[in-house]
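Participant: Provided herewith is a single structure, encoded as structure tokens, for subsequent inquiry.
Since every read-out is calculated from the coordinates, none of them should be taken as a lab result. Just so you know, these numbers come straight off a predicted model, no measurement behind them. Cβ placement follows ideal geometry from the backbone for every residue including glycine, while neighbour counts extend to all protein chains displayed.
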Amino acid sequence: MSAQLLQGLPVARALRERTAQNVAQLHGDGIVPRVAVVVATDNESTGWYVRSIAQQAAKASIHCDVLDLGAQADAAELTAALRALAADDQVHGIILQTPLPAGVDAAQLVRLIPPEKDVDGANPLSFGRLAAGMPAFAAATAQAVIEVLDHYRIPLAGEDVAVIGRSMVVGKPLAQLLLQRDATVTLCHSRTSDLANHTRRASVVVVAAGRAGLLRSEHVGLGSVVVDVGTNVDDQGNLVGDADAASVQSIARALTPVPGGVGTVTTALLMLRTTQSALERSVVPA
Ligand code: NAP
């Protein structure tokens with residue numbers, strides 16, 4: 001048996017169609033949706049990611065401002081930039097790109113992004129709202145996992161779902177989203193004893209640990225679905241996930257590829273959310 005590959009591209013395409021509908025409505029109302037990306041690094045992979053955001057925005061007729069403050073930017077410059085964007089009514093989405101320069105506290109800065117413009121779900125207020133069941137943008141990667149599972153009609157209600165990784169970027173917000181969908185969630189981490197004992201029981205396993213080859217066939221139950229969020233570079237310079245795909249494929253019924261899986265969906269989601277934020281604020285009070 002070989003697992004079905006749950007490709008991200010069809011999921012991203014479906015999201016882009018929704019974005020296009022929102023953009024048409026906004027343009028009809030004379031509004032240009034606008035997203036700002038704040039960058040303060042010369043990290044190569046960040047540069048690549050930011051260019052892909054700008055390209056997708058251009059294709060979607062969304063205005064994208066990339067504010068590159070340089071790798072030497074300090075907290076005061078970043079604070080000023082974020083405050084200006086937060087106050088600018090023309091800006092509907094704000095993304096603070098990591099990594100940030102050494103000594104700059106990202107946790108302080110993300111608090112400056114108003115939740116309604118927090119399209120990447122970075123502000124802890126957004127997470128708090130999510131956990132409280134209030135409307136909020138969940139961390140985009142966490143939401144991307146749900147979009148993939150929904151697109152391929154993987155059931156969640158009543159299912160046991162194991163998530164490996166408890167970061168604020170993936171694991172914790174994803175656990176909240178899964179709870180909202182009535183899954184029974186087990187959140188695993190580096191101190192979890194006997195990882196396989198938890199993951200083998202799950203019908204869906206999401207791995208987001210940043211450890212190549214962490215998830216192998218002995219960790220997954222027969223016929224389960226594996227979502228691989230991990231992005232690692234192997235010895236040959238190739239991008240690989242956290243699952244040992246060859247090993248897992250013999251047991252799981254479906255698996256997201258890396259590259260081409262969850263990561264493909266995240267940027268499309270950022271665009272959709274920018275339009276949703278713009279639509280929310282375009283409503284004229286009666
Ligand atoms: P992170 O902040 O480093 O968190 C990693 C999590 O994995 C931690 O909770 C850690 O446990 C857990 N972990 C590490 N080793 C483990 C092990 N051997 N067994 C069980 N749990 C283990 O990483 P992150 O930002 O969440 O990112 C995770 C991965 O997703 C990375 O590869 C990253 O590149 C990728 N990612 C992809 C996208 C995308 O769009 N595709 C977006 C974001 C992140 P502790 O809490 O105990 O340390």
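Participant: For the stretch 140-263, taking Cα atoms only, what is the radius of gyration to one decimal and the Dmax to the nearest whole Å?
Facilitator: Every Cα atom of the stretch 140-263 included, Rg and Dmax give 12.9, 41 Å.
Participant: In the chain, what % of DSSP beta bridges are antiparallel (nearest 5)?
Facilitator: Details: 2 of 30 bridges.
Roughly 5 percent of the DSSP beta bridges within the chain come out antiparallel.
Participant: Return the calculated 222 nm mean residue ellipticity for the chain, to the nearest 500 deg cm²/dmol, obtained by summing -39500 (n - 2.57) across DSSP H runs with n ≥ 4 and dividing by the residue count.
Facilitator: Numbers: 10 runs with 114 residues, N = 286.
The per-residue figure over the chain is -12000 deg cm²/dmol.
Participant: Normalised by the number of residues in the stretch 51-145, what is the relative contact order in percent for Cα pairs under 8 Å and 6+ residues apart? Could you put the intermediate results ahead of the total?
Facilitator: Working: 94 pairs, mean separation 17.9, N = 95.
Across the stretch 51-145, relative contact order equals 19 percent.
Participant: Could you tell me how far the Cα centroid of the stretch 76-145 sits from the Cα centroid of the stretch 266-282, in Å?
Facilitator: Spelled out, the Cα-based centre of one part sits 14 Å from the other.
Participant: Between GLU17 and SER193, how many nm apart are label points set 7 Å from Cα along the C-beta direction?
Facilitator: That separation, rounded to one decimal, is 5.0 nm.
Participant: Please tell me the relative contact order of the stretch 129-249 in percent, rounded to the nearest whole number, where contacts are Cα pairs under 8 Å and at least six residues apart. Could the numbers behind the result be given before it?
Facilitator: On the way: 232 pairs, mean separation 25.7, N = 121.
About 21 percent, as a whole number.
Participant: Explain nothing, just the number: dipole magnitude of the chain about its Cα centre with +1 on each Lys and Arg Cβ and -1 on each Asp and Glu Cβ, in debye rounded to the nearest 20. Kindly include the intermediate steps, with their values, before the conclusion.
Facilitator: Working: 22 positive and 27 negative charges, 127 e Å.
Here the chain has a charge dipole of around 620 debye.
Participant: Turning to a different aspect of this structure: In nm, what is the difference between 0.36 nm times the number of residues separating GLN55 and ARG216 and their Cα-Cα distance?
Facilitator: Working: separation 161, 0.36 × 161 = 57.96 nm, distance 3.56 nm.
In short, 54.4 nm is gained.
Participant: Along the Cα→Cβ direction, 7 angstrom out, place labels at ARG281 and ALA107. What is the inter-label distance in nm?
Facilitator: 2.8
Participant: Can you bin every Cα-Cα distance in the stretch 29-113 into 5 Å intervals starting at zero and give me the percent of pairs per bin, rounded to whole numbers?
Facilitator: With a bin width of 5 Å, the distribution comes to 3, 15, 27, 23, 19, 10, 3, 1, 0.
Participant: So which trypsin sites (Lys or Arg not before Pro) in the stretch 127-220 end up in coil per DSSP with only 11 or fewer other C-beta atoms within 10 Å? Intermediate values should be presented prior to the final figure.
Facilitator: Details: sites: ARG129, ARG153, ARG166, ARG181, ARG191, ARG200, ARG201, ARG211, ARG216; in loops: ARG153, ARG166, ARG181, ARG191, ARG200, ARG201, ARG211, ARG216.
Taking the stretch 127-220 and a limit of 11 other Cβ atoms within 10 Å, the loop trypsin sites (Lys or Arg not before Pro) found are ARG153, ARG191.
Participant: Additional query: Can you pull the percent of Cα pairs in the stretch 1-145 with separation above 24 Å?
Facilitator: Values: 3856 of 10440 pairs.
Looking at the stretch 1-145, the distances longer than 24 Å represent 37 percent of pairs.
Participant: Would you mind getting the Kirkwood hydrodynamic radius of the chain from its Cα pairs, rounded to one decimal in Å? Walk me through the numbers on the way to the answer.
Facilitator: Values: mean 1/r = 0.0511 Å⁻¹.
Across the chain, the inverse of the average 1/r is 19.6 Å.
Participant: For the chain, what does the relative contact order come out to in percent, with C-alpha contacts under 8 Å and a separation of six or more? Walk me through the numbers before you get to the answer.
Facilitator: Details: 593 pairs, mean separation 65.2, N = 286.
Taking the mean separation of contacting Cα pairs over the length of the chain, I get 23 percent.
Participant: Right, something else. Given the Cα-Cα distance of TRP48 and ALA132 and 0.36 nm per residue of separation, how much length would full extension add, in nm? Show your work: numbers first, answer last.
Facilitator: Numbers: separation 84, 0.36 × 84 = 30.24 nm, distance 3.49 nm.
Length gained, TRP48 through ALA132: 26.7 nm.
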